[in-house]
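Visitor: Structure in C-alpha cells, see below.
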Amino acid sequence: MIRLSAGINKRKKNVGKDDLYMIYTTHYASPLGDLLLAENENQLIGLWLEGQKYYCGSLREAAQERSDRAVFAQTADWLDRYFAGEQPAVCELSLAPRGSAFRQAVWKILCKIPYGEVTTYGEIARQLARQSGLTAMSAQAVGGAVGHNPISIIIPCHRVVGTNGSLTGYAGGSEKKIQLLQREGVDVSRFSIPKKGTAL
C-alpha cells in the first residue's frame, strides 16, 4: 500500500523501540549505477541515483547503513524485476516520501502514469487544478515537485516530459531518463534534450 507522508509517521505497533525514527540506508547496484535506498519504520522514504540533483535531499536525520531491513529486500526484488523488463506495480511497496502536501499530490499522480507511457508537466498541472477546483496551476511548480521526487524510478518521474517534447527536469540527468524510457519501450526519438531552460 502506498503511503505518502508529509513527515515522520507515528510509531507503529510492530516497530521496535530501537527503530523508532531511525533512518536506515543501503545500496543497490543497478544498470544505471549505484542507487541509495533509505527507510524509516519499514517504509521506503528515499531512492536516489548516485550524483543526482537533490541527492539525499529529504534526509534530515543521521542515517545508519544496514542492509537486512525487510523493505530493502522487497525494494531490491522490485528493482530486479523492473530492470529485467517486468512491470512491477508501485502499490507492491510501502512508500513514505517526505514532502509538502502539494508535492505529495504531484507524486500521487506520478504513481498513476502507466509503464511505457509519458505525460507532461502541463497535463499534471491541469489535473491538479481540476482536483483543487482551480482554473489553472503552474506547470513550473509541478516541475519543481517532480524534480524533488525522493523515490526515483519507483515513483516514475522519468515519465514526465515537457509540453514541447523536451526531456527536461529529471534530477538524475537526461541520459538516465532516456535509458529508463527506452527500457520501457518508449520511442525517445520524438523527444528533444534542451540546452537551456526548463521548457515545461
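Visitor: Answer with yes or no whether residue 28 is at pLDDT 95 or above, assigned to a strand (DSSP E or B), among the hydroxyl-bearing types (Ser, Thr, Tyr) and within 24 Å of residue 169 (Cβ to Cβ).
Guide: Considered against the rule, which asks whether it is at pLDDT 95 or above, assigned to a strand (DSSP E or B), among the hydroxyl-bearing types (Ser, Thr, Tyr) and within 24 Å of residue 169 (Cβ to Cβ), residue 28 comes out as yes.
Rundown of residues vs (1) under 10 Å from the mean Cα position of the chain (by Cα); (2) buried (at least 17 other Cβ atoms within 10 Å of the Cβ); (3) not hydroxyl-bearing (Ser, Thr, Tyr), yes/no style:
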{"residue": "128", "(1), (2), (3)": "no, yes, yes"}
{"residue": "133", "(1), (2), (3)": "no, no, yes"}
{"residue": "142", "(1), (2), (3)": "no, yes, yes"}
{"residue": "152", "(1), (2), (3)": "yes, yes, no"}
{"residue": "159", "(1), (2), (3)": "no, yes, yes"}
{"residue": "165", "(1), (2), (3)": "no, no, yes"}
{"residue": "173", "(1), (2), (3)": "no, no, yes"}
{"residue": "177", "(1), (2), (3)": "no, yes, yes"}
{"residue": "182", "(1), (2), (3)": "no, no, yes"}
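To keep it simple, each residue is scored yes or no on (1) in contact (Cβ under 8 Å) with a residue 60 or more places away in the chain; (2) within 20 Å of residue 186 (Cα to Cα).
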position: 66; (1), (2): no, no
position: 108; (1), (2): yes, no
position: 122; (1), (2): yes, yes
position: 127; (1), (2): no, no
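Visitor: Given the criterion hydroxyl-bearing (Ser, Thr, Tyr) and modelled with pLDDT under 95, identify the matching residue among 135, 119.
Guide: None of the other options fit; the residue is 135.
Visitor: For the structure I just gave you, tell me whether residue 70 is loosely packed, with under 15 Cβ neighbours inside 10 Å, of a type in the set (A, V, I, L, M), without any contact (Cβ under 8 Å) to a residue 24 or more places away in the chain and not assigned by TED's automatic domain parsing to the domain that holds residue 185.
Guide: So residue 70 does not fit the description; no.
One line per residue, one yes/no per condition, for (1) among the acidic types (Asp, Glu); (2) at negative phi; (3) in the same structural domain as residue 70 (by TED's automatic domain parsing):
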| residue | (1), (2), (3) |
| --- | --- |
| 86 | yes, yes, yes |
| 110 | no, yes, no |
| 117 | yes, yes, no |
| 120 | no, yes, no |
| 123 | yes, yes, no |
| 135 | no, yes, no |
| 144 | no, yes, no |
| 147 | no, yes, no |
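Visitor: Every residue in the stretch 147-189 that is among the polar types (S, T, N, Q) and either at pLDDT 95 or above or not in a helix (DSSP H, G or I) (or both), please.
Guide: 149, 152, 163, 164, 166, 168, 179, 182
The values are calculated or read from the model by the stated rules, or taken from the named source; none is laboratory data. This structure is a prediction, so every number in the text was calculated from the model and none was measured. A quick note on method: Cβ atoms are made from the backbone with ideal geometry, for glycine too, and the neighbour counts reach across all protein chains shown.
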